[in-house]
Amino acid sequence: MRKMWATAAIIPVLIIAIFVTGCGNKPTSSKQGKEPVTIERVVDGDTVEITMAGKKEKIRLIGIDTPETKKPNKPVMFYGNEAYEYTKKRLEKKAVELEWDVEQRDQYGRLLAYVWVGKELFNRTLVQEGYARIYTFPPNVKYVSEFKKDQEAARKKGIGLWKDYDSAFEKRKGKEED
């Protein structure tokens, strides 16, 4: 009789433990973790394509903006081709890791991610090297303080798009980031 009561007492504990741990079936990606992928194609300086779970996905790099190269009815912006070529050289057909922030998709359905090449945060490298400016949309602001410091350093050096910032970006009311 005591064994029956002991068994009956253990069952709810096991059920709770299974519920809390999710039966051990964790998704391959978590917002805190990094997901290994291969970049199949670079669309422009801040957008790439991958295949995830059998579906082609566009990835928009979080927290940055490179000059436009593929916007319909718009000319290629100053330093846009350089940003595109640099991203292509560094990422196309390469194994990287994606890190998610709070929101995983933007208004256009693209996945939003930080791209890691080994221990290098590639989004940050684009800002440091003058290929991109900071362009954040809360709540995805995990590295915003680092990006701000990097942008100020690149601006002071006058490198990349900072050689002619006004030609690199259209003036957008309420959208400019310092």
At a 10 angstrom cut-off on C-beta neighbours, averaged per residue, how do the peptides 62-75, 134-147 rank from highest to lowest? 62-75, 134-147
To make sure I understand the rule: partners must be aspartates and glutamates, Cα under 13 Å from the Cα of residue 119, and not fewer than 8 residues away in the same chain. Which ones qualify? 97, 99
Determine the relative contact order of segment 50-117: mean sequence separation of Cα pairs under 8 Å and six or more apart, normalised by residue count, in whole percent. 34
Solvent-accessible area, 1.4 Å probe, carbon plus sulfur percent, for segment 50-178: 50
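The values are calculated or read from the model by the stated rules, or taken from the named source; none is laboratory data. Remember, it's a predicted structure, so these values are computed and weren't measured experimentally. A quick note on method: Cβ atoms are made from the backbone with ideal geometry, for glycine too, and the neighbour counts reach across all protein chains shown. With ligands, DNA and RNA removed, areas are computed over all heavy atoms of the protein, side chains included. Shrake-Rupley method; radii C 1.70, N 1.55, O 1.52, S 1.80 Å.
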